Amino acid sequence: MNPVSTDTLLAALHWRYAVKKFDPAKKIAAADWTALEQALVLSPSSVGLQPWKFIIVTDPAMKARLRPAAWDQSQVTDCSHFVVFTVRKDLGADHVDRHIHRMAEVRGVTAESLGKFRQMITGNLDKARAEARLDTWQSHQLYIALGQFMAGAAVVGVDTCPMEGFEPEKFDEILALKGTGFASVVCCAAGYRAADDKYATTKKVRFKPEDVIVRI
């Protein structure tokens, strides 16, 4: 692997901003999008459970249906690819077993050899369920994937805009998620900034490193 230079990384992160106006005529190239989908697939999650599905919306008609449920924000329809991050609610033994069997397949071991690991996972899920925080815990995992997606996009020169401003229940209805066990949590528009988006040249405001970094 050839590592990205620190200068390249920081330049990409300084270049990135939450795009307010996308250029609807510009579409993400297939090769770039394939890499960004893999960035989603490769996202880390607690004990590797991957409690998610990423719904990629490129159909203009579907975007148009979603836009009113996202406070009529233009990013939904003007971006190239609109990603809806959905969580698997009330995660149970069936999902754990699916994860265990996939792990056994990839690593060339038996599912039985992972018995203690499976027991640990189900114990954690049961405890979280009993404390009424299971769905919240799993929903938090989506923000890890969102961060990885946005950083990866910046490195390859693709603009993004993370979006919590939408009505999840209406999205679930439009995307036919009702009854699937999955629910919308957060979204991200991806594409290329419009030339007249004034926020592209607005200085990024962050606290000084010494105000947020603690070295011990």
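The values are calculated or read from the model by the stated rules, or taken from the named source; none is laboratory data. Values in this document were obtained by computation on a predicted structure and should not be read as measured data. When we count neighbours, we look across all protein chains shown, and the Cβ atoms used for this are built from the backbone with ideal geometry, even at glycine.
Annotations
- Of all residues assigned to the range 170-181, none qualifies as being within 14 Å of residue 76 (Cα to Cα), in a loop (DSSP other than H, G, I, E, B), of a type in the set (Phe, Trp, Tyr) and in contact (Cβ under 8 Å) with a residue 40 or more places away in the chain.
- Residue satisfying condition, being over 19 Å from residue 65 (Cα atoms) and small (Gly, Ala, Ser), within set 189, 132, 176: 132
- Tallying residues that are surrounded by 21 or more Cβ atoms within 10 Å (Cβ to Cβ) and either outside any helix (DSSP H, G or I) or of a type in the set (Ser, Thr, Tyr) (or both) within the range 140-162 yields 4.
- Set 73, 50: member being modelled with pLDDT of 95 or more, part of a loop (DSSP other than H, G, I, E, B), of a type in the set (S, T, N, Q) and closer than 26 Å to residue 198 by Cβ: 73
- Scanning the range 120-139 for residues that are free of Cβ contacts under 8 Å to residues at least 24 places away in the same chain and either on the phi > 0 side of the Ramachandran plot or surrounded by 14 or more Cβ atoms within 10 Å (Cβ to Cβ) (or both) returns 128, 132.
- Tabulated pairs, the range 84-104, first without any contact (Cβ under 8 Å) to a residue 24 or more places away in the chain and under 11 Å from residue 121 (Cβ atoms), second of a type in the set (Phe, Trp, Tyr) and part of a strand (DSSP E or B), C-beta under 6 angstrom, 6+ apart or interchain: none
- Filter result for residue 1 (of a type outside the set (S, T, N, Q) and at pLDDT below 95): yes
- Checking 160, 201 one by one, the residue that is of a type in the set (S, T, N, Q) and farther than 19 Å from residue 42 by Cβ is 201 and no other.
- Note on the range 87-98: residues that are within 17 Å of residue 142 (Cα to Cα) and either small (Gly, Ala, Ser) or in a helix (DSSP H, G or I) (or both) amount to 1.
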